[in-house]
């Protein structure tokens with residue numbers, strides 16, 4: 001401790017940490033300014049606020065205290081520093097979209113802070129080991145809670161940097177635990193307390209940048225995943241967009257391939273009667289029914305207004321026909337709740353085709369499925385029709401009763 005105290009001055013470490021936290025605040029603010037409103041921007045703003053509070057607390061700890069300066073300044077400065085890790089917990093939960101109840105460790109921090117206030121107001125001592133102990137307990141509990149959130153709730157894209165940030169939070173918690181052990185060791189002289197503070201501030205200085213870099217790396221991975229999402233997914237339904245599903249079909253090459261095309265029946269009537277908002281919700285409902293029905297290896301995309309395309313992994317005629325019928329049945333049985341009361345249903349017409357891949361084969365395969373879809377529409381809708389075969393009746397799956405869209409509204 002004495003060697004550490006000889007090389008570092010407490011006031012200097014306060015200044016260095018204040019500067020470091022201020023710079024990391026500016027980094028978070030700069031990144032947040034270019035983000036749309038959402039969890040990422042909110043979490044960046046909270047992380048920036050937490051680092052700003054740390055910087056402010058370190059500045060306050062350098063001001064004069066006592067009767068000639070500001071009474072109880074050390075107490076309020078330490079509470080300001082303690083608020084920084086607490087905001088870090090809130091920011092981590094906001095980033096991962098966790099509910100507000102996940103911030104329950106703040107209750108523990110508040111209880112310790114109240115004890116710290118009660119004790120601090122009763123003493124004018126600048127360096128008091130009880131106050132320092134309570135501060136370490138507050139920060140340690142928040143740092144551990146933040147590490148837990150970062151470790152448990154990151155998805156595959158964020159997991160690497162998030163868990164690295166969690167590990168450095170654990171190191172920070174370990175340093176605070178070491179300080180607590182030093183404080184409980186029995187030596188509460190000013191020199192020992194100052195050396196303990198310098199040890200904590202030195203570790204905090206090194207960890208500030210490492211944690212900030214890990215968090216910004218995690219956010220960069222999240223933004224990259226969002227860019228990929230925007231480039232490959234339909235913004236309304238979340239299915240693959242036309243370009244991606246088309247390229248996937250072309251990539252089948254000379255392998256056997258199958259195509260299922262489906263179109264919502266009377267969709268224009270839905271938009272005209274109920275409005276485009278209900279129409280959009282209907283598209284989302286249909287997309288969810290398709291995604292829930294297909295197999296994991298099947299690809300699903302939205303290729304037009306109310307038209308969807310499925311690329312089944314299994315390309316046998318019977319397998320494709322069975323899958324198409326399952327999709328039709330699932331959509332026909334789904335209901336959409338209306339804001340004004342009642343429910344709305346819809347049906348789909350489906351055409352499918354299968355064959356060998358090859359040069360130009362993909363376009364012909366889609367054209368054959370589209371022709372079968374046209375036949376399903378012409379023959380009454382709400383049915384599955386296969387590409388033209390010598391025995392077309394064997395490839396048709398039809399409801400016993402075709403329900404018009406007007407009959408789909410339930411009071």
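How high is the FRET efficiency from residue 374 to residue 229, r the C-beta distance, R0 25 Å, rounded to 0.05?
0.15
Just rank 234, 272, 387, fewest to most, by other beta-carbon atoms within 10 angstrom.
Ordered by Cβ neighbours within 10 Å, fewest first: 272, 234, 387.
Report, for the chain, the % of DSSP beta bridges that are antiparallel, rounded to 5.
In the chain, approximately 80 percent of DSSP beta bridges are antiparallel ones.
With angles folded into 0 to 90 degrees, how steeply does helix 39-60 sit against the dominant principal axis of the chain? Use alpha carbons for both and round to 10.
Value to nearest ten degrees: 0.
When a/c is below 1.5 the answer is rounded, else prolate if a/b is larger than b/c, else oblate, so apply that to segment 2-232 with a ≥ b ≥ c taken from the square roots of the Cα gyration tensor eigenvalues.
Values: a/c = 2.00, a/b = 1.94, b/c = 1.03.
Prolate, because a/c is 1.5 or more and a/b exceeds b/c.
I need 371, 141 ordered by Cβ neighbour count within 10 Å, fewest first. List each step's numbers first, then the result.
Details: 371 15, 141 22.
Ranking 371, 141 by Cβ neighbours within 10 Å, fewest first, gives 371, 141.
Would you work out the relative contact order for the chain, in percent, from Cα pairs under 8 angstrom that are 6 or more residues apart?
So the answer I get is 12 percent.
Note the angle between two axes, namely the Cα long axis of helix 129-152 and the longest principal axis of the Cα atoms of the chain, as a number of degrees from 0 to 90, rounded to the nearest 10.
20 degrees
Jot down the radius of gyration and Dmax of segment 103-218, Cα atoms only, both in angstrom.
In order Rg, Dmax, the Cα atoms of segment 103-218 give 15.9, 51 Å.
Any idea what angle helix 190-232 forms with the longest principal axis of the chain, computed on alpha-carbon atoms, 0 to 90 degrees, nearest 10?
Here the helix axis deviates by roughly 10 degrees.
Take 106, 61 and order them by how many other Cβ atoms sit within 10 Å, fewest up front.
106, 61
Rounded if a/c is under 1.5, else prolate if a/b beats b/c, else oblate: with a ≥ b ≥ c from the C-alpha gyration tensor eigenvalues square-rooted, which is segment 202-266?
In terms of gyration-tensor shape, prolate.
What number results when the radius of gyration of segment 149-205, computed over Cα atoms, is divided by 2.2 N^0.38 Å?
Values: Rg = 15.5 Å, N = 57, 2.2 N^0.38 = 10.2 Å.
Computed over Cα atoms of segment 149-205, the ratio equals 1.51.
Cα-Cα pairs above 32 Å in the chain: how many percent?
Percentage above 32 Å: 55.
Applying 1/(1 + (r/R0)^6) with R0 = 51 Å to the Cβ-Cβ distance of residue 15 and residue 111, what FRET efficiency is obtained, to the nearest 0.05?
0.95
Laboratory data are not the source of any read-out in this text; all were calculated from the coordinates shown. Owing to the predicted nature of the structure, the values given are computational and were not obtained by experimental measurement. Using ideal geometry, Cβ is built from the backbone for each residue, glycine included, and neighbour counts are taken over all protein chains shown.
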